[in-house]
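Colleague: Dropping a structure here in structure tokens format, bear with me for questions.
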Amino acid sequence: MDFDPVPGLEAFRLEVREFLKGLPPDLIDRPRSTRSTPADVKRWQQKLHVRGWAAPYWAKAHGGTGWSVQQMLVFDEECAAVGTPSQDGFMHKLLGPLLNEFASPEQKAQHLPPALCGERLWCQGFSEPGSGSDLASLRTRAELDGDHYVVNGQKIWTSYAHESDWIFLLVRTDANVKKQEGISFLLVDMKTPGITVRPIRSIDDFHHLNETFFDNVRVPVGNRVGEEGQGWAITKFLLNNEHASTAELPALKRYLRVIHRLADTQRVDGQRLRERPEFALKLARLEAELMAIDMLVQRVAGLEMEHHPDALPLGSMLKIRGTELQQKLTDFHVEALGDLGAVAYPHPEQGTEVQLPGQDTARGLANDMFFRRASTIYGGTSEVQRGIIAKLLFQL
Ligand SMILES: Cc1cc2nc3c(=O)[nH]c(=O)nc-3n(C[C@H](O)[C@H](O)[C@H](O)COP(=O)(O)OP(=O)(O)OC[C@H]3O[C@@H](n4cnc5c(N)ncnc54)[C@H](O)[C@@H]3O)c2cc1C
């Protein structure tokens with residue numbers, strides 16, 4: 001990876017800034033760790049679509065912008081700096097690239113245009129009770145009945161299932177072969193009869209997680225991506241695409257900016273936090289960690305684009321270090337808030353507009369700290385990532 005300044009990158013940054021300046025005020029200043037509200041995600045997607053930037057991470061041949069890794073990172077950074085809503089990451093980072101690679105022309109025509117113009121949101125139905133890290137052991141079954149599969153079973157931790165239009169689902173279509181070979185990949189309309197979504201309220205006091213039940217849900221065979229039994233191979237492609245984004249670099253940079261703000265505004269015994277040596281030292285260490293992760297993100301993203309095998313172990317390292325830093329930075333927010341850190345001031349999107357002293361300073365920070373407990377679990381736990389590194393680099 002070449003870390004020299006890329007010609008034209010600053011001009012591109014200015015172009016992105018110019019576009020962001022034109023956004024309506026109610027579409028900015030929306031930073032939070034989880035996906036934005038469906039209305040916000042859709043409006044933001046529509047704006048990007050009109051600008052010709054609907055798929056910033058896809059190749060031009062697939063209707064994307066065809067941006068370089070550096071351009072994607074600049075785009076993410078600038079969007080995070082003004083606090084735009086998030087895109088539908090399940091579609092743009094995971095499912096979209098998979099459909100571009102494996103879907104039939106009919107499936108692409110059915111699903112890509114609505115996602116690009118912001119009409120359809122997706123969720124991911126992989127994990128089940130008892131099948132998280134050991135995903136290949138999943139038990140939700142799909143049995144052929146004419147030209148439909150009949151799906152029965154349960155998914156869990158289905159983020160945003162309650163506000164998504166479609167779900168991509170791993171199901172068992174054959175119980176009599178090696179477990180990885182009996183899995184298929186289905187696209188399912190969430191309005192299909194027999195789907196029940198029950199909320200799981202998480203420690204950050206948001207509702208983004210769910211249990212999703214499938215009770216004789218009829219799914220057309222034409223909604224299967226790839227061949228029957230090919231679901232696992234397809235999914236490996238999807239999971240391998242996830243690495244560079246798992247560190248959530250723009251969020252890390254946003255967290256660091258918050259700390260700098262607190263360093264200037266919060267005081268202990270009349271002294272600004274920034275002037276206290278132990279605070280300044282900790283801040284400097286975290287900032288150095290962030291710079292290292294920034295470089296690793298660029299390296300992994302470059303390797304991913306070249307489909308280089310080192311992207312896998314380095315991606316796992318990035319997942320571990322990036323998510324650990326998310327936790328350290330959000331812990332530090334709460335520590336820097338002092339007494340205000342003892343109160344979990346809700347995000348405005350949680351509906352309750354509290355009127356408490358310090359809410360302008362502290363709003364959302366404790367919630368983010370709680371939410372980030374989960375970041376070393378979702379997308380593959382840190383323990384599992386360490387196993388991958390050991391296997392790939394040390395042939396264990
Ligand atoms: C906030 C959040 C959002 C999520 N969103 C989604 C979603 O949208 N869609 C979806 O399908 N899933 C989602 N998940 C599920 C997530 O992918 C799983 O939680 C994760 O893969 C871990 O699986 P598990 O919870 O079953 O834990 P388990 O796999 O049971 O793990 C329990 C413990 O055992 C350890 N462990 C397991 N196997 C090994 C091993 N081989 N070596 C060493 N240690 C091991 C783990 O590290 C962990 O500490 C989400 C989870 C969270 C927390």
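The values are calculated or read from the model by the stated rules, or taken from the named source; none is laboratory data. What you see is a predicted model; the values in this text were computed from it and never measured. For neighbour counting, all protein chains shown are included, and Cβ atoms are generated from backbone atoms with ideal geometry for every residue, glycine included. Accessible surface areas use protein heavy atoms only, side chains included; no ligands, DNA or RNA. Shrake-Rupley method; radii C 1.70, N 1.55, O 1.52, S 1.80 Å.
Colleague: Within 10 Å, count the other beta carbons around each residue, average over each peptide in 205-215, 82-92, 143-153, 264-274, and list them highest first.
Modeller: Most protected by this proxy first, the peptides run 82-92, 205-215, 143-153, 264-274.
Colleague: Separate question: For V82 and S104, calculate 0.36 nm times their separation in residues minus their Cα-Cα distance, and state this gained length in nm to one decimal.
Modeller: 4.1 nm
Colleague: Next up: Among the helices of the chain (complete DSSP H runs), which have Cα atoms covering no less than 30 Å along the helix axis and a Kyte-Doolittle mean of at least -0.5?
Modeller: Length and hydropathy pass: 277-305, 311-337.
Colleague: Before rounding to the nearest 500, sum -39500 (n - 2.57) across all DSSP H runs of length at least 4 in the chain and divide by the residue total; then give [θ] at 222 nm in deg cm²/dmol. Don't skip to the answer; put the middle values down first.
Modeller: Working: 13 runs with 171 residues, N = 396.
That comes out to -13500 deg cm²/dmol.
Colleague: Let me ask something else about it. Would you kindly state how much longer the chain becomes between I203 and V177 on full extension, computed as 0.36 nm times their sequence separation minus their alpha carbon distance, in nm to one decimal? It would help to have the intermediate numbers written out before the result.
Modeller: Values: separation 26, 0.36 × 26 = 9.36 nm, distance 3.94 nm.
That pair, I203 and V177, stretches by 5.4 nm at full extension.
Colleague: Follow-up question, since we're still on this one. Heavy-atom accessible area per residue, the chain, 1.4 Å probe: how many Å²? Intermediate values should be presented prior to the final figure.
Modeller: Values: 18460 Å² over 396 residues.
On a per-residue basis, the chain sits at 47 Å².
Colleague: Follow-up question, since we're still on this one. For the range 122-229, which whole percent of the accessible surface, found with a 1.4 angstrom probe, sits on carbon and sulfur atoms?
Modeller: The computed percentage sits at 47.
Colleague: Oh, and also: Between N152 and D189, how high is the FRET efficiency from 1/(1 + (r/R0)^6) when r is the Cβ-Cβ distance and R₀ = 30 Å? Nearest 0.05. Before the final figure, lay out the partial values.
Modeller: Working: r = 17 Å, r/R0 = 0.56.
After rounding to 0.05, the efficiency reads 0.95.
Colleague: List the lysines whose alpha-carbon lies under 20 Å from that of K391, not counting same-chain residues fewer than 8 positions away?
Modeller: Reachable lysines: K236, K319.
Colleague: When we measure straight from the Cα of K179, which aspartates and glutamates land under 19 angstrom away, once same-chain ones fewer than 8 places off are left out?
Modeller: Here the aspartates and glutamates satisfying the reach criterion relative to K179 are E128, D134, E143, E227, E228.
Colleague: Can you compute the modelled spin-label distance between D339 and R17, with each label point 7 Å from Cα toward Cβ, in nm?
Modeller: Placing both labels 7 Å along Cα→Cβ, they lie 4.0 nm apart.
Colleague: Then there is this: What percent does the relative contact order of the range 296-396 come to when contacts are Cα pairs within less than 8 Å and at least six residues apart?
Modeller: Relative contact order, the range 296-396: 33 percent.
Colleague: Given 0.36 nm per residue, what is the gain on full extension from A136 to Q355 after removing their alpha carbon distance, in nm?
Modeller: Extra length available between A136 and Q355 comes to 74.0 nm.
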